[in-house]
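> This is the structure I want to talk about, given as structure tokens.
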Amino acid sequence: MSTPSPDIRRLFEPRSIAVVGASHDPEKIGHKILQNIISSGYKGAIYPINPKGGEILGQHVLTALAEIPGELDLVCTVVPAHYVFDSVKAAAQQQAKFNLVISSGFSEVGNSEEERRIVAYAREHGMRILGPNIFGLYSATAPVDVTFGPGGILPGHVAIITQSGALGLAMIGKTAAENIGISAMVSVGNKADLNEADLIEYLVEDPNTHSILMYIEGVRDGAHMVEVLKRVTRRKPVVVIKSGRSRRGAAAAASHTGSLAGSDDVFAAVMRQAGVLRAESIKEGFNLCRFLSRTSVPQGGNTVIVTNGGGIGVLATDACEKYGVSLLDDVQRLQEIFGPVTPDFGSTKNPIDLTGGATETAYEGALAAALESDAIHAVIALYCETAMFDADKLTPLIASTHARYAAAKKPVVFSAFGGGSIDDNIGRLAEKKISVFDDVYEAVACLGGLYRYYHHRTTPPLPPDEVALDAAAMEEVVRGARADRRTFLLADEAQRLMGLIGVPMPQSRVARTLEEAVAHAEQIGYPVVMKIVSRDILHKSDAGGVALDLETRDEVMDAYQAILRNARAAVPNARVTGVEVSEMVRRGLELIVGARRDAGFGPIVMFGLGGIYVEVMKDISFRSVPLNRAEVLNMMAEIRAYPLLRGVRGEDPKDIESVVNAILRVASAIRQCESITDIEINPLVAYEEGQGARAVDARILLAKV
Ligand code: COA
């Protein structure tokens with residue numbers, strides 16, 4: 001029987017902590033954790049537990065958890081793996097609420113069974129496990145440092161959740177060196193019980209946390225994580241650094257959707273959909289989080305660049321395009337605002353170029369003009385070292401500008417470039433918790449992140465557009481394949497299923513003899529297409545199993561024989577059901593639409609440029625399901641070939657609405673029919689507006705039973 005979960009607040013704000021395995025030896029992890037708890041200024045009750053008893057760091061040591069007199073919020077378990085279960089049992093008997101299992105030696109080394117046993121016992125007794133295989137947890141609110149890190153964590157407003165232990169420990173030192181204040185730092189290790197989503201539920205409510213940084217290697221229960229993130233990113237920015245971008249795992253998948261959906265592509269798409277900002281490196285992640293935790297949200301999309309260097313201004317303009325920062329380009333308005341403060345030889349077009357001759361007074365005047373104008377919502381302030389501008393005045397100028405902008409709730413990013421004196425200024429400003437970047441791209445990337453967050457927050461969430469399908473009838477089609485011990489549908493079954501999904505396919509019949517092939521062709525009407533139907537041949541074109549544009553009875557007869565011959569040569573023992581004869585579909589724009597049940601994120605959909613070169617072009621995009629019409633349109637607009645749908649070189653636009661409907665219907669099918677793992681339509685041929693889209697081929701895979 002499971003008991004309700006304890007309040008997650010008690011993990012971050014424990015009133016009492018027991019350290020099981022608190023060691024007398026200052027070199028051991030169990031000693032260092034106790035030392036950090038004490039030196040972090042923790043005010044609650046501390047219970048070191050060690051069978052030897054005695055005293056450690058001035059604390060009286062209890063020989064067993066059972067000796068603890070009152071309530072116990074948090075246990076930190078630091079004993080070798082084979083003692084952990086007994087220790088967890090004792091903690092549960094003491095009604096402890098949370099248990100940080102620092103110990104290694106579980107699923108990360110193949111000992112998954114013991115890990116499951118520990119978690120099952122804990123959950124049955126109302127206790128939640130963080131870990132195992134973690135370095136612990138720091139919380140600025142408590143405050144408490146239950147880690148074996150170097151200590152000296154700077155309290156602040158960035159929360160960090162990390163799956164990597166060593167990297168996480170190193171982050172403690174690095175954040176202090178980089179003047180990044182931390183509100184919470186949590187190591188999730190093997191995520192046997194609590195995972196990122198559970199922790200974020202607390203962090204979103206924590207007033208100390210202004211931004212959340214996650215370092216993720218692998219995802220568990222991705223569908224739940226996405227659901228939580230979608231909610232959280234409307235209130236606080238979340239930045240994710242994900243390692244493991246390999247496509248290796250996906251390469252062996254049976255469908256294009258599977259092999260194209262390299263785990264990282266799906267992860268990236270799903271995170272974007274959830275409003276999460278993706279950082280490519282730890283440095284970028286730190287920059288973004290630090291900036292986002294200190295800045296206010298812009299009130300609109302107009303940015304100006306104020307610079308004393310033309311070149312650096314152009315670089316920033318390029319960076320704005322890359323990171324999606326839109327520059328105010330109302331020339332008249334810019335002249336009104338900046339004309340009075342820009343020298344005659346400068347430029348009031350955005351970038352506002354004060355030129356290398358600008359003094360600190362001119363520079364300050366231009367920044368003040370930008371601050372005071374309601375037409376400007378964010379500023380990129382660039383400074384190049386010159387003899388005209390006293391470098392000693394840079395720190396006070398930036399500090400006062402920063403304070404004024406913060407008070408006006410208008411975002412500003414600074415970038416300064418020059419020699420040693422500029423680096424000294426940057427260092428001094430960092431101590432005042434003001435970030436100044438020595439690289440323009442880093443500065444603009446932060447503003448770009450802020451704008452992505454702003455757009456996500458200001459775009460109202462729409463309910464999913466799900467199409468109610470006849471799931472029972474779909475299951476009935478699946479049952480036929482199951483009876484035949486297949487995990488895929490044959491052509492005629494796929495056609496029936498596509499009919500139920502509501503994506504039209506051309507008329508077709510399966511011929512088992514030459515005579516049948518001719519009869520079907522004459523019934524359907526020329527021209528026809530013929531394709532091999534075999535449970536052993538998934539890639540029909542590759543096996544020479546497809547013939548197009550057959551116009552006469554003789555061509556059908558030749559093609560029938562050639563297809564069987566080619567298929568047998570390509571896959572010698574292939575079991576062949578027959579040859580499918582179908583109506584020849586008029587040419588149009590060939591697209592691919594797929595849906596699959598992803599191991600990490602649950603149902604996802606894929607859209608892209610289709611046809612036989614789909615794997616070469618890899619012009620595809622993904623979304624998690626459920627999704628709405630607007631998200632489908634965004635997903636479609638992401639592919640490089642999207643202009644082809646809008647019509648190029650005088651072509652009429654394609655029937656985008658029909659493609660949207662096909663995607664929504666396929667997405668609904670994968671949600672409503674549990675037996676189906678993959679649906680792939682390739683090609684889905686899109687015609688001109690009002691003329692629809694037709695699925696030419698559909699591959700449908702079933703879950704193994
Ligand atoms: N209850 C309480 N204390 C116990 C105990 C129990 N059941 N069994 C042993 N202890 C005490 C020991 O007496 C010892 O104290 P002492 O040094 O004063 O004698 C202390 O607990 C530690 O036990 P020990 O056997 O010396 O283990 P250890 O300190 O060498 O290693 C771990 C314990 C948990 C640190 C180790 O097993 C481990 O997993 N290390 C990897 C941790 C890690 O890297 N985690 C991931 C980080 S990202």
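> Could you say which residue among GLY149, GLY156 is away from the ligand (no atom under 14 Å from the Cβ) and within 35 Å of the chain's Cα centre (by Cα)?
GLY156
> Next up: Inspect segment 224-234 for any residue being more than 19 Å from SER183 (Cα to Cα), modelled with pLDDT under 90 and either of a type in the set (Gly, Ala, Ser) or in contact with a Phe, Trp or Tyr (Cβ under 6 Å, 6 or more places away or on another chain) (or both) and give the result as yes or no.
no
> Let me ask another. Checking LEU429 against (1) aliphatic (A, V, I, L, M); (2) in a helix (DSSP H, G or I); (3) touching a residue at least 40 places away in the same chain (Cβ under 8 Å): exactly one of these is not met. Which one?
(3)
> Name the residue that is surrounded by the fewest Cβ atoms within 10 Å (Cβ to Cβ), counting only residues in segment 187-214 that are within 19 Å of the chain's Cα centre (by Cα) and assigned to a helix (DSSP H, G or I).
Per the criteria, the residue is GLU201.
> Still on this structure, please answer the following. When segment 44-60 is examined, which residues are found to be closer than 17 Å to ALA91 by Cβ and either within 12 Å of the ligand (Cβ to nearest atom) or acidic (Asp, Glu) (or both)?
TYR47, PRO48, ILE49, ASN50, PRO51
> Of all the residues that make up segment 380-422, how many are farther than 14 Å from PHE437 by Cα, touching a strand residue (DSSP E or B) at 6+ places or on another chain (Cβ under 7 Å) and touching a residue at least 60 places away in the same chain (Cβ under 8 Å)?
2
> While we're here: Could you look through segment 584-622, keep only residues that are assigned to a loop (DSSP other than H, G, I, E, B) and among the β-branched types (Val, Ile, Thr), and pick out the one that is surrounded by the fewest Cβ atoms within 10 Å (Cβ to Cβ)?
Going through the qualifying residues, I end up with ILE612.
> Of (1) open to solvent by less than 70 Å² (accessible area, probe 1.4 Å); (2) in contact (Cβ under 8 Å) with a residue 40 or more places away in the chain; (3) not basic (Lys, Arg), ALA637 satisfies all except one. Which?
(2)
> Now a separate question. Any residue at all in segment 623-633 that is open to solvent by less than 10 Å² (accessible area, probe 1.4 Å), of a type outside the set (S, T, N, Q) and closer than 22 Å to PHE267 by Cα?
yes
> If we keep just the residues of segment 19-43 that are open to solvent by less than 30 Å² (accessible area, probe 1.4 Å) and more than 16 Å from GLY149 (Cβ to Cβ), which is farthest from the ligand (Cβ to nearest atom)?
This residue is ALA22.
> Please state which of the following conditions ALA472 fails to meet, knowing it meets all the rest: (1) part of a helix (DSSP H, G or I); (2) open to solvent by 30 Å² or more (accessible area, probe 1.4 Å); (3) in contact with a helix residue (DSSP H, G or I) (Cβ under 7 Å, 6 or more places away or on another chain).
All conditions are met except number (3).
> Let me ask something additional. State the number of residues belonging to segment 69-80 that are away from the ligand (no atom under 11 Å from the Cβ) and assigned to a strand (DSSP E or B).
1
Quick grid of which residues meet (1) more than 10 Å from the ligand (Cβ to nearest atom); (2) surrounded by fewer than 17 Cβ atoms within 10 Å (Cβ to Cβ):
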| residue | (1), (2) |
| --- | --- |
| GLU67 | yes, yes |
| HIS82 | no, yes |
| LYS89 | yes, yes |
| ALA92 | yes, no |
| ALA96 | yes, no |
| SER104 | no, no |
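The values are calculated or read from the model by the stated rules, or taken from the named source; none is laboratory data. All values reported here derive from a predicted model rather than from experimental measurement. For neighbour counting, all protein chains shown are included, and Cβ atoms are generated from backbone atoms with ideal geometry for every residue, glycine included. With ligands, DNA and RNA removed, areas are computed over all heavy atoms of the protein, side chains included. Shrake-Rupley method; radii C 1.70, N 1.55, O 1.52, S 1.80 Å.
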